[in-house]
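Since the structure comes first, as structure tokens, the remarks are kept for the end.
Coordinate-derived values only; no laboratory data. Model, not experiment: these values are computed from the prediction. Here the Cβ is made from the backbone with ideal geometry for all residues, glycine too, and neighbour counts use every protein chain on show.
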Amino acid sequence: MSVTAEIRARVHRLTVDDYRRMGALGILGPELRTELIDGEIMEMPPIGHPHAGTVKFIANRLKEAVGAAAIVAVQDPVWLDDHSEPLPDIALLRPRDDYYRTGHPGPADVLLLIEVADSSLHYDREVKLPRYARAGIPEVWLVDLGGRRLTVHRRPAPHGYVDATIPDNLALVPVPVGVPATVDLTRLF
């Protein structure tokens, strides 16, 4: 009599701690641009000139607009949950004396995330934005370089953002820092 064992496939999702250990051990070297999304390591494409220049432009304009009201972080990790730690292009963070040296910011620390998309538009819109909403990130800007459009996403819900608007005036885009602030993005495109 033979005994047949049922074999079931198991999926092992990495945790943020697993992911960080892989980086510390050199398994994920600094030459790789990766982020952890839902327990999967996602390799990011190289950053092109238009993308890099746009990130610099927005980050500098934001810093001018908000001053000490927020910390502007560029392509730094944001912890969403135990299985996701993406690298948004820009994060506007609540001020902290340690500048987040003791830990990456989490959803409660984030005022605004910005994703600049050229070849990554589908990934940013369909993968990252729903996860940002699920984590409760209050506002996300999606900069579509190809479509020459800034879309502001607000009111996070379990399956995405309830409000998505395109600002009428790029000279006066409101910045969510708790005090009245706007940023001039007229030269964005």
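Overall, the anisotropy analysis places the range 46-183 in the rounded class: the square-rooted eigenvalues a ≥ b ≥ c of its C-alpha gyration tensor yield a/c less than 1.5. The phi-based Karplus calculation (6.51 cos²θ - 1.76 cosθ + 1.60; θ = phi - 60°) puts the 3J(HN,Hα) values of the range 34-45 at 10, 9, 9, 10, 6, x, 10, 7, 10, 8, 8, x Hz, whole numbers, x for Gly and Pro.
Over the range 46-183, what is the mean sequence separation of C-alpha contacts under 8 Å (at least six apart), divided by residue count, expressed as relative contact order in percent? Could the numbers behind the result be given before it?
Working: 252 pairs, mean separation 25.4, N = 138.
Taking the mean separation of contacting Cα pairs over the length of the range 46-183, I get 18 percent.
Paramagnetic label reach from Ala69 (point 7 Å along Cα→Cβ; backbone nitrogen cut-off under 15 Å): within the range 140-182, residues 172-182.
Given the -39500 (n - 2.57) contribution per DSSP H run of 4+ residues, what per-residue ellipticity at 222 nm results for the chain, rounded to the nearest 500 deg cm²/dmol?
About -5500 deg cm²/dmol.
Give a quick list of chymotrypsin sites (Phe, Trp or Tyr not before Pro) in the range 89-149 that DSSP marks as loop, anything other than H, G, I, E or B, with at most 13 other Cβ atoms within 10 Å.
Details: sites: Tyr99, Tyr100, Tyr123, Tyr132, Trp141; in loops: Tyr99, Tyr100.
Passing both the DSSP loop test and the Cβ count: Tyr99.
For Ala108 and His12, what is the calculated FRET efficiency with R₀ set at 25 Å and r taken between the beta-carbons, to the nearest 0.05? Don't jump to the answer; show the numbers that get you there.
Working: r = 29 Å, r/R0 = 1.14.
So, using R0 = 25 Å, E works out to roughly 0.30.
Pull out the extension gain between Arg20 and Arg149, defined as 0.36 nm times the separation in residues minus the alpha carbon to alpha carbon distance; nm, one decimal.
Details: separation 129, 0.36 × 129 = 46.44 nm, distance 3.45 nm.
That works out to 43.0 nm of additional length.
In a shell of Cβ-Cβ distance under 13 Å around His159, excluding His159 itself, what net charge do Lys and Arg (+1) and Asp and Glu (-1) give? Local net charge: +2.
Between 0 and 90 degrees, the angle of helix 49-66 with respect to the longest Cα principal axis of the chain falls at about 60 degrees. Per-peptide packing, taken as the mean over residues of other Cβ atoms within 10 Å, places 18-31, 44-57 in the sequence 44-57, 18-31 from highest down.
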